[in-house]
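Computed from the coordinates by the stated procedures, all read-outs in this text should not be read as laboratory data. Remember, predicted model here, so these are calculated numbers, not experimental data. Using ideal geometry, Cβ is built from the backbone for each residue, glycine included, and neighbour counts are taken over all protein chains shown.
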Amino acid sequence: MFVSSLFLAVIWVPNVWTIQHVAGCGNQQMEIEGRCCNLCPPGEFVKAFCTEQDQTVCSPCDTGFYSSAYTMFSKCEECLSCPQEYVEKCTATANAKCRCRSGFLCSNNVCSRCEENKCVTGERPNKTVTAKSLVDGSEEYSYHCEPICPDDAYYEVKDNVCKPRTQCARNGLPELFPGNKTHNSVCDRGERPTNHGDIIHVIIGIGFVLVSLTLLILLSYACMKKLMKHKPKDNSINVVAVSANTSEYHLSKEESGCQLIIQDESKHGDSLGHLHLEHVSLF
């Protein structure tokens, strides 16, 4: 009995000493080779590990590196580089936080890569995890677009809600437009909506014609006025008197009855060009 008790005592005492020794390490300490070594605080890394004579020696993280917890690491972690925008800059105790610009999507859980959002109005991107790291828990994403609203509804952009499409057939009306992801169906109710665009085009066309006619009239009037201004004022008629000699032409009595001799008397002060009729007897 005594031997048995002694044997148990020999086994129990070292175990108690080990438990007490380990339990003596604080929250910011770690047991290394039976010694409680201090952990380095956030923003620092282990420059020298503790020994029997000295405790752990820590050193601040270099620029571009960080440490966010009490650790026993021999170096700090490298800061995240954001491809597009920073939500928070990297510090000695916290990593940077990134985000993608509008129109882009994060390709992983820390937005260290961005990809274009190819979804159109009425669609939304559906994220799928394609890879996950067991070491640090990082994830990789891929996206595909899906309609925001069900097939019998459309997306109202202004109100940012889904609204049911009008069922023309149920109302006994012909369907002019079946509707789509962002527009409601259009039924033929016997009324034609006013097309303001066409009215504006007609008004512009009429205005153009009226302006053209006005310009044409003004141009014609100016030309006529210019022609009247340059018309000769002397309207007298110059007629050369013709002398008929019957002996030369041997005209009959009937053929040579008379000749009209028109003389221009404008030279005698009559601006109207009086004409005189002279009867010449050829007998």
**Request:** Starting from the Kirkwood radius over alpha-carbon pairs of region 28-169, derive D by Stokes-Einstein at 4 °C in a medium of 1.567 mPa s and give it in µm² s⁻¹.
**Result:** 68
**Request:** Starting from the Cα coordinates of region 23-96, work out the convex hull volume and express it per residue in Å³.
**Result:** 79
**Message:** I need the trypsin sites (Lys or Arg not before Pro) found in region 101-169, filtered to DSSP loop residues with at most 11 other beta carbons within 10 Å of theirs.
**Reply:** 101, 158
**Size of electric dipole in region 42-190: Cβ of Lys, Arg +1 and of Asp, Glu -1, about Cα centre, debye, nearest 20** = 620
**Request:** Find which of 96, 108, 202 sits farthest along the positive direction of the dipole of region 66-210, computed with +1 on the beta-carbon of Lys and Arg, -1 on that of Asp and Glu, about the Cα centre.
**Result:** 96
**Complete:** Per residue convex hull volume, Cα only, region 100-147, in Å³ is 59
**Item:** Cα pair distances of region 112-206 binned at 5 Å [whole percent]
**Value:** 3, 11, 13, 12, 12, 12, 10, 9, 6, 4, 4, 2, 2, 1, 0, 0
**Message:** Can you work out the Karplus-derived ³J(HN,Hα) for every residue in region 203-219? Use 6.51 cos²θ - 1.76 cosθ + 1.60 with θ = phi - 60°, whole Hz, and x for glycine or proline.
**Reply:** 4, 5, x, 4, x, 5, 5, 5, 5, 5, 5, 4, 5, 5, 5, 4, 5
